[in-house]
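Only one structure is covered here, and it is reproduced in the block below.
The values are calculated or read from the model by the stated rules, or taken from the named source; none is laboratory data. From a predicted model like this one, the values you see are computed outputs, not experimental measurements. A quick note on method: Cβ atoms are made from the backbone with ideal geometry, for glycine too, and the neighbour counts reach across all protein chains shown. We work out accessible area using only protein heavy atoms, side chains counted, and drop any ligands, DNA or RNA first. Shrake-Rupley method; radii C 1.70, N 1.55, O 1.52, S 1.80 Å.
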Amino acid sequence: MGDGAPRTLSRRTFVTGQPGSGKTTLVMAIVQALMEQGVRCKGFYTEECREAGMRVGFDVVTIPEGVRAPLARKKGPTHWPKVGSYSVDVVSFERVGIPSLLISPNVICDEIGRMELKSPKFIQAIRDLLRRKNVYIFGAITAPRYGHRVPFCDEVSSMKEVEVHNIKKSNRDHIRKALRSLALQTYVSEKKAFTSKDENGAVSREAENISSDSKSRSRREKQKSLGTRPSGRVSRGIGGSRTGFPEKKSRKNSQEDGEWK
């Protein structure tokens with residue numbers, strides 16, 4: 001773990017720091033730069049949920065789709081696990097957050113934190129990701145607070161090929177610029193190989209959809225000639241998923257409310 005600007009980029013790179021140090025802002029700025037260069041990223045980030053100007057919890061938001069689901073709430077059900085003054089909605093997080101980590105060569109995880117670690121499935125997903133050699137992982141990992149360490153975070157930080165950069169207000173701009181430059185060099189240089197694989201898959205899916213449309217049209221024509229009514233089945237259209245990058249809202253200092261995020 002280092003406080004200085006990195007000179008190389010590992011396949012498993014994380015930033016850490018105290019609440020309010022700017023971890024999510026840094027991660028999302030780099031992800032934005034990568035996606036602007038056509039690098040496909042999948043994963044999630046966490047964002048405050050506010051009502052009437054007051055923080056009431058945190059949401060998990062998928063990248064790039066922007067699907068949002070509750071991660072934690074104040075005054076949640078008593079059977080939800082607690083982190084500070086928040087109750088963690090493990091079921092919601094596992095339904096939306098974990099699947100976003102499983103289907104891309106470029107995985108974004110913001111963050112490996114105390115709330116997320118209430119899910120045993122998330123812990124297993126991270127272990128599985130770290131064992132995969134052909135995957136880049138970039139994100140944030142929680143730091144010790146008031147002497148309280150998180151064993152799983154220590155486990156991840158000590159793994160081979162894992163680099164953890166400690167950020168704070170005094171160095172975050174330098175680290176962000178260095179990581180952005182290194183990420184663009186590394187990810188973009190490998191984008192062609194990843195894109196080629198994705199395009200081949202997209203061509204196959206498109207051909208499958210065209211074939212399905214053709215069969216559906218033939219079936220409708222046959223039914224029409226026989227005077228029968230169509231079955232009501234609709235063939236799949238040819239189209240891609242949304243690629244818009246979810247707008248990132250500002251995050252205030254997370255130390256309020258005795259929160260441990």
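Charges were assigned to the Cβ only: +1 to each Lys and Arg, -1 to each Asp and Glu. The resulting dipole of segment 114-187 about its Cα centre is roughly 180 debye. Taken about its Cα centre, segment 54-149 carries a charge dipole of roughly 360 debye when the Cβ of each Lys and Arg holds +1 and the Cβ of each Asp and Glu holds -1. In this structure, the pairs whose alpha-carbon distance is over 25 Å, taken from 42/121; 75/118; 42/169; 23/118; 118/177; 133/168, are 42/169; 118/177; 133/168. Placing dummy labels 7 Å off each Cα toward the beta-carbon, the span from residue 75 to residue 50 is 1.9 nm. Think of segment 12-100 as a dipole: +1 on every Lys or Arg Cβ, -1 on every Asp or Glu Cβ, centred on the Cα centre; then among 66, 28, 15, 15 lies furthest on the positive end.
In the context of the full set of protein chains, segment 1-156 has a per residue accessible area of 41 Å² (1.4 Å probe). Remark: spin-label model distance residue 169-residue 148 equals 2.3 nm, labels positioned 7 Å along the Cα→Cβ axis.
I'd like the carbon and sulfur percentage of the solvent accessible area for segment 79-129, probe radius 1.4 Å, heavy atoms only, ligands and nucleic acids excluded.
Values: 1170 of 1860 Å².
Carbon and sulfur: 63 percent of the exposed surface of segment 79-129.
Taking segment 83-126 on its own, what percent of its Cα-Cα pair distances exceed 12 Å? Numbers along the way, then the final one.
Working: 563 of 946 pairs.
Distances greater than 12 Å cover 60 percent of the Cα pairs.
Among the protein heavy atoms, those of residue 180 account for about 100 Å² of accessible surface (1.4 Å probe, every chain in place).
Counting only protein chain heavy atoms and rolling a 1.4 Å probe, the accessible areas of 187, 146 rank, largest first, as 146, 187. Quick one: Karplus J couplings for segment 33-42, per residue in order, coefficients 6.51, -1.76, 1.60, θ = phi - 60°, nearest Hz, x for Gly and Pro? For segment 33-42, the Karplus curve yields 5, 5, 5, 5, 8, x, 7, 7, 10, 9 Hz. Taking amide H as placed 1.01 Å from N in the peptide plane, residue 150 has no amide H partner under 5 Å among residues 5 or more places away or on another chain. Taking the Kirkwood radius as Rh and the Cα radius of gyration as Rg, segment 36-93 has a ratio of Rg/Rh equal to 1.08.
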